[in-house]
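A quick write-up on the structure given underneath.
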Amino acid sequence: MSVARVWINGPGRVRELEEFMRNVVLYMSMSLDGFVGSDREHPGMAIPEGAELRQWKLQRISNAGAHLMGRVTYEEMSSFWPQSQDDYAAPMNGIPKLVFSRTLSDAEAAWPVTRVARGDLRTEIAAIKAEPGPDVIVWGGGRLAGALIAADLIDEYRLLVQPLVLGRGQALFDQLPASRHLHLVEAVPFPSGIVVHVYGRSAADEG
């Protein structure tokens with residue numbers, strides 16, 4: 001959870017109110033050289049994840065309060081998960097979904113527990129962060145992820161770094177307007193060779 005601090009002038013004093021808001025957590029598979037998509041291999045599929053990483057991911061997906069995605073990711077997932085018998089299907093189908101799109105009309109019909117967000121990205125994110133419940137996740141979709149990163153709307157990065165070098169492709173951070181410092185929370189290696197790097201905001205940004 002992140003903390004929004006509000007200073008209120010009272011009679012002869014100033015006091016600080018703390019309002020707890022849920023975080024926006026980005027999950028993204030990427031190559032060692034920072035690509036999240038390529039015409040060579042897909043970073044999320046090139047390396048078999050293995051049972052340990054699968055369990056790590058399942059625990060976190062199952063505890064999410066909402067799943068944020070763009071239109072392309074929604075169209076891919078809504079055509080697959082409702083009919084899937086995979087272990088990921090139950091949490092993916094049950095979590096409330098929020099799709100950022102100005103063209104979709106009825107997302108709920110194709111994939112239940114889904115609504116469309118048509119407003120400004122910052123406004124929509126602020127609204128969902130203020131809602132009660134567990135943290136929300138962004139899983140998949142390099143274009144939306146890049147826009148959220150550029151607007152500094154990601155509170156925590158969980159990057160699944162593959163033992164794979166692509167040389168070219170879609171970079172995760174290519175929309176950044178300036179460099180950004182992050183805080184390393186943990187790095188978790190798995191037998192598959194995939195290492196999950198978890199980063200939060202730097203102390204300077206939190207202050």
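The values are calculated or read from the model by the stated rules, or taken from the named source; none is laboratory data. This structure is a prediction, so every number in the text was calculated from the model and none was measured. Cβ: placed from backbone, ideal geometry, glycine included. Neighbour counts: every protein chain shown. Calculation scope for accessible area: heavy atoms of the full protein, side chains included, ligands and nucleic acids excluded. Shrake-Rupley method; radii C 1.70, N 1.55, O 1.52, S 1.80 Å.
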statement: Restricted to the chain, the DSSP antiparallel beta bridge percent, nearest 5, is 55
field: Relative contact order [Cα under 8 Å, 6+ residues apart], the range 12-120, whole percent
entry: 18
query: Just for the Cα atoms in the range 83-189, what are the lengths along the principal axes, largest first, rounded to whole Å?
result: 39, 35, 30
- request: In a Gaussian network model over the chain where Cα atoms closer than 10 Å are linked, find which of 175, 59, 83 has the largest mean-square fluctuation.
  value: 83
Mean accessible surface per residue for the chain, computed with a 1.4 Å probe while every protein chain stays in place, in Å²: 53
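Which length gain, in nm to one decimal place, applies between residue 58 and residue 40 when the Cα-Cα distance is subtracted from 0.36 nm times their residue separation?
Values: separation 18, 0.36 × 18 = 6.48 nm, distance 2.75 nm.
Full extension from residue 58 to residue 40 adds 3.7 nm.
Based on Cβ point charges of +1 for Lys and Arg and -1 for Asp and Glu, what charge dipole magnitude is obtained for the chain about its Cα centre, in debye rounded to the nearest 20? Don't skip to the answer; put the middle values down first.
Numbers: 20 positive and 25 negative charges, 72 e Å.
With only Lys, Arg, Asp and Glu charged at Cβ, the dipole is about 340 debye.
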- prompt: From a point 7 Å beyond the Cα of residue 90 in the direction of its Cβ, which residues of the range 42-69 have a backbone N at a distance under 19 Å?
  reply: 51-67
- request: Can you pull the one-decimal nm distance between simple spin-label points at residue 198 and residue 72, each 7 Å off the Cα toward Cβ?
  value: 2.9
task: Would you mind calculating the relative contact order of the chain from Cα pairs under 8 angstrom and at least 6 residues apart, reporting the percent as a whole number?
output: 29
- prompt: Among 184, 32, 151, whose Cα sits farthest toward the positive end of the charge dipole of the chain (+1 at Cβ of Lys/Arg, -1 at Cβ of Asp/Glu, about the Cα centre)?
  reply: 151
statement: Among (1) 131; (2) 142; (3) 175, the value of volume of the Cα convex hull per residue in Å³ computed for this structure carries the label (2)
- line: Of 36, 185, 136, the most mobile residue in a GNM of the chain (C-alpha springs, cutoff 10 Å) is 185
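What does the extension gain come out to for residue 184 and residue 32, with contour length at 0.36 nm per residue minus their alpha carbon separation? Please report the intermediate quantities before stating the final value.
On the way: separation 152, 0.36 × 152 = 54.72 nm, distance 1.68 nm.
Full-extension gain reported as 53.0 nm.
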- request: Would you mind computing, in nm to one decimal, how far apart the modelled labels at residue 151 and residue 51 are, each placed 7 Å from Cα along Cα→Cβ?
  value: 4.2
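Quick check on the chain: helices-only [θ] at 222 nm, where DSSP H runs of length 4 and up contribute -39,500 (n - 2.57) each and the sum goes over total residues. Nearest 500, please.
-7000 deg cm²/dmol
Within 13 Å, Cβ to Cβ, of residue 37, how many net charges do the neighbouring residues add up to if Lys/Arg are +1 and Asp/Glu are -1?
On the way: positive: 40, 143, 168; negative: 33, 39, 41, 76, 174.
Net of charged neighbours comes to -2.
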- prompt: In the range 20-63, which residues have a backbone nitrogen under 20 Å from the label point lying 7 Å from residue 124's Cα in the Cα-to-Cβ direction?
  reply: 22-28
